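S.K.: Encoded as structure tokens, here's the structure I'll be asking about.
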Amino acid sequence: MGVLSDLEPKSVFYYFEEITKIPHGSGNVQQISDYLVNFAKERGLFYIQDELKNVIIIKEATPGYEKEPTVILQGHMDMVAVKKPDCDIDMKTEGLRVAVRGDEVYAQGTSLGGDDGIAVAYSLALLDSDNIKHPRLEIVITVDEEVGMDGARGIDLSMLTGNRLINLDSEDEGIFLTSCAGGARVNCSFRFSWKVRWGIALELTVGGLSGGHSGAEIHKERGNSNCLMGRVLNRLLRERPVYLCELTGGLADNAIPRETKALLLAEEKDCDVLTRIVKEVETEVQMELATKDPGVYIRAKQSRPDSYHCATLEDTKRAAAFLCAVPNGVQSMSADMPGLVETSLNLGILKFEPGNWEFRAEFSVRSSVESAKQALIEKLETITALAGGVCEVSGDYPGWKYRKDSPLREKMVAVYEKMYGESPRVEAIHAGLECGILGSKINNLDCVSIGPQMHDIHTTEETLSISSTKRVWEYLVKLLEEKDS
């Protein structure tokens, strides 16, 4: 018996729990991809597994539905794999420890992967059923969506017959998404010189932040631990010389970082002053984020005098200046859709490790206006160049434009109204979805994105609503059973 065995719908939660047993962080998808292939083989379903490990599975229409329009169901198999500092799970080799709390499913000490494991679970439950009536189903499960949509970019969809696509990668029940922002990943890097110096090591930690998805929650203006570390570093350098030895913060470019650690070298006579400055900055930040991120803290810990490999003072100043100069967070709001973020960026990852001597900052850039996205990327490139570094842009994906004429959307709204007696909200989202890329591969693609209620995706507090999962499943089944004519 599984932990989720008693939950309804049983088939959906069975497959969801099976998926959580398989390590499937972005870039580590071989095992889950093979699981999907074996699922199809065991049921005699047509499947394709490409070189990237994307999987397509097709199930023909049930009797009486052969003339109904084919429906493509789409999601991604990878998850943002993050864990709490004290969690002993190796997320590259071990499964998750799922648990139930009231109406929520969560994972102990790690992210849950409801984004987008629930899409895979819904799809497998549909494919496994002999009782649900449906048109031809074309299931498309992509890889590495969370790190640049590489699977969607590389997949060949020429064998598909449908042009109605339901994307199952949304986190708000009752909201039908019909357009999204485009985005890109920007990696800024600097080569630093180093020396061996004697002094006191000062261990800095910025933590206690809420984090979150850099598309869905960037408008909440939560604290970014990487940016706050830059602020602390810059303030220290204004008063005393310090030398950067190590720096690490964040786990994914599209997740707002919750914790950043730095190891600095300082002269023993300066340590009391530096510790006082850290406390002053902590007080300022706690006042600024009292409502948005009340758990934030900044701590400094001294160690014994010793010799350390560290960056030069000049390069340490370059790092601090860069971190203070680069923009972060919401850059502009949409003038056409009130309340919607138009352009943003997130400094998701910082790395500076001994022996490598490369200072690296990784950003997720998003905008619903292509020219604004490019202008923001150019700004990052310019600031980086002024600081003596270089930028690499990757994972550039287009936005998904709203379609005025959408038979799929009209049908989905009508079925929803019939089931619940009210209309769903039809909206755009700032977070990126694969629909824009897939639309370039399927002629006249008609697409809507839906999903059950989830909270705090991409974080260790991620939860999936049980009751919402059931309602969305029932809606999806009803939608497939509803004939066009």
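The values are calculated or read from the model by the stated rules, or taken from the named source; none is laboratory data. Small disclaimer: the values here were computed from a predicted structure and weren't measured. Methodologically, a virtual Cβ is constructed for each residue, glycine included, from the backbone with ideal geometry; neighbour enumeration extends over all protein chains shown. With ligands, DNA and RNA removed, areas are computed over all heavy atoms of the protein, side chains included. Shrake-Rupley method; radii C 1.70, N 1.55, O 1.52, S 1.80 Å.
S.K.: In degrees between 0 and 90, to the nearest 10, how far off the longest principal axis of the chain does helix 114-128 point, with axes built from Cα atoms?
M.R.: That helix lies at roughly 20 degrees to the long axis.
S.K.: For the chain, what % of the accessible area comes from carbon and sulfur atoms, probe 1.4 Å? Don't skip to the end; give the middle numbers.
M.R.: Details: 9670 of 20190 Å².
After summing per-atom areas, the C and S share lands at 48 percent.
S.K.: Still on this structure, please answer the following. First check a/c for the range 1-158, with a ≥ b ≥ c the square roots of the eigenvalues of its C-alpha gyration tensor; if it is under 1.5, answer rounded, and if not, answer prolate when a/b is larger than b/c or oblate otherwise.
M.R.: Working: a/c = 2.30, a/b = 1.39, b/c = 1.65.
Oblate, since a/c reaches 1.5 and b/c is not below a/b.
S.K.: Tell me, how many Å apart are the Cα centres for the range 77-151 and for the range 166-204?
M.R.: Cα centroid to Cα centroid, the span is 21 Å.
S.K.: Next question, about the same structure. Return the lysines within reach of residue 269: Cα separation strictly under 17 angstrom, same-chain partners fewer than 8 residues apart disregarded; answer none if there are no such residues.
M.R.: By straight Cα distance, residue 269 reaches 301.
S.K.: May I pose another question? State whether the range 389-458 is rounded, prolate or oblate according to the following rule on the C-alpha gyration tensor (a ≥ b ≥ c being the square roots of its eigenvalues): a/c under 1.5 gives rounded; otherwise a/b larger than b/c gives prolate, and the remaining case gives oblate. Walk me through the numbers on the way to the answer.
M.R.: Values: a/c = 3.36, a/b = 1.64, b/c = 2.04.
Oblate is the answer for the range 389-458, as a/c is 1.5 or above yet b/c matches or exceeds a/b.
S.K.: Which of the lysines could a cross-linker bridge to residue 67, judged by Cα under 27 Å and excluding same-chain residues fewer than eight apart?
M.R.: 41, 59, 133, 404, 411, 418, 441, 478, 483
S.K.: For residue 220, give me every one of the lysines with a C-alpha distance below 27 angstrom, ignoring sequence neighbours fewer than eight places off in its own chain.
M.R.: 83, 84, 261, 279, 292, 351, 373, 379, 401
S.K.: If you don't mind, another one. How many nm is it between the label spots at residue 189 and residue 423, if each spot is 7 Å from the Cα in line with the beta carbon?
M.R.: 5.1 nm
S.K.: Moving to a separate point now. From the phi of every residue in the range 90-104, what ³J(HN,Hα) in whole Hz does the Karplus formula 6.51 cos²θ - 1.76 cosθ + 1.60 yield, where θ is phi - 60° and glycine or proline is x?
M.R.: 8, 6, 7, 10, 10, x, 8, 9, 6, 8, 10, 9, x, 8, 10
S.K.: Sticking with this structure for a sec: Beta carbons within 10 angstrom, averaged per residue: use that to sort the peptides 187-200, 453-466, highest first. Present the calculation step by step, with values, prior to reporting the outcome.
M.R.: Values: 187-200: 15.9, 453-466: 22.3.
Final packing ranking: 453-466, 187-200.
S.K.: Work out how much length residue 414 to residue 306 would gain on full extension: take 0.36 nm times their residue separation and subtract the Cα-Cα distance, in nm to one decimal.
M.R.: Values: separation 108, 0.36 × 108 = 38.88 nm, distance 7.06 nm.
Result for the pair: 31.8 nm of gain on full extension.
S.K.: Let me ask something additional. How much area per residue is accessible in the chain when the probe is 1.4 Å and only protein heavy atoms are counted (Å²)?
M.R.: On the way: 20190 Å² over 485 residues.
Result: 42 Å² per residue.
S.K.: Find how many whole Å separate the alpha carbon centroid of the range 357-415 from the alpha carbon centroid of the range 230-298.
M.R.: 29 Å
S.K.: Quick one: if the Förster radius is 22 Å, what FRET efficiency do residue 394 and residue 50 give, using the C-beta to C-beta distance and rounding to 0.05? All intermediate terms of the calculation are to be shown ahead of the outcome.
M.R.: Values: r = 20 Å, r/R0 = 0.91.
The formula returns an efficiency of 0.65 here.
S.K.: What list of ³J(HN,Hα) couplings, whole Hz, do you get for the range 356-367 from phi and the Karplus terms 6.51, -1.76, 1.60, once you set θ to phi - 60° and write x for glycine and proline?
M.R.: Taking θ as phi minus 60°, the curve returns 8, 6, 10, 8, 10, 10, 10, 10, 10, 10, 9, 6 Hz for the range 356-367.
S.K.: Round to the nearest 10 and give me the degree value, 0 to 90, for the angle of helix 466-481's Cα axis relative to the longest principal axis of the chain.
M.R.: 40 degrees
S.K.: Given H placed 1.01 Å from N in the peptide plane, which residues other than close sequence neighbours of residue 136 have an amide H under 5 Å from its amide H?
M.R.: Residues meeting the criterion, in which the H sits 1.01 Å from N, are 61, 71.
S.K.: Let me ask something else about it. With axes computed from alpha carbons, what is the tilt in degrees of helix 225-239 against the longest principal axis of the chain, rounded to the nearest 10 within 0 to 90?
M.R.: 10 degrees
S.K.: Could you go through the range 371-376 in sequence order and give the Karplus-derived ³J(HN,Hα) for each residue, using 6.51 cos²θ - 1.76 cosθ + 1.60 with θ = phi - 60°, rounded to whole Hz, and x for Gly and Pro?
M.R.: Per residue, the Karplus-derived 3J(HN,Hα) values read 5, 5, 4, 5, 5, 5 Hz.
S.K.: Can you give the alpha-carbon Rg of the chain over 2.2 N^0.38 Å, where N counts its residues? Working shown, then result.
M.R.: Working: Rg = 24.1 Å, N = 485, 2.2 N^0.38 = 23.1 Å.
In units of the globular-protein estimate, the chain measures up at 1.04.
S.K.: Relative contact order for the chain: what is it in percent, counting Cα pairs under 8 Å that are at least 6 residues apart? Numbers along the way, then the final one.
M.R.: Working: 1160 pairs, mean separation 111.2, N = 485.
Across the chain, relative contact order equals 23 percent.
S.K.: Answer rounded, prolate or oblate for the range 182-322, using the Cα gyration tensor with square roots of eigenvalues a ≥ b ≥ c: rounded when a/c is under 1.5, else prolate when a/b is larger than b/c, else oblate.
M.R.: Oblate shape, in that a/c is at least 1.5 and b/c is the bigger or equal ratio.
S.K.: Across the range 273-373, how large is the tail of the calculated P(r) beyond 22 Å, expressed as a percent of all Cα pairs? Can you show the working numbers first?
M.R.: Working: 2746 of 5050 pairs.
That tail contains 54 percent of the Cα-Cα pairs.
S.K.: Let me have the relative contact order for the range 337-445, percent, based on Cα pairs under 8 Å that are six or more residues apart.
M.R.: Details: 91 pairs, mean separation 25.2, N = 109.
About 23 percent, as a whole number.
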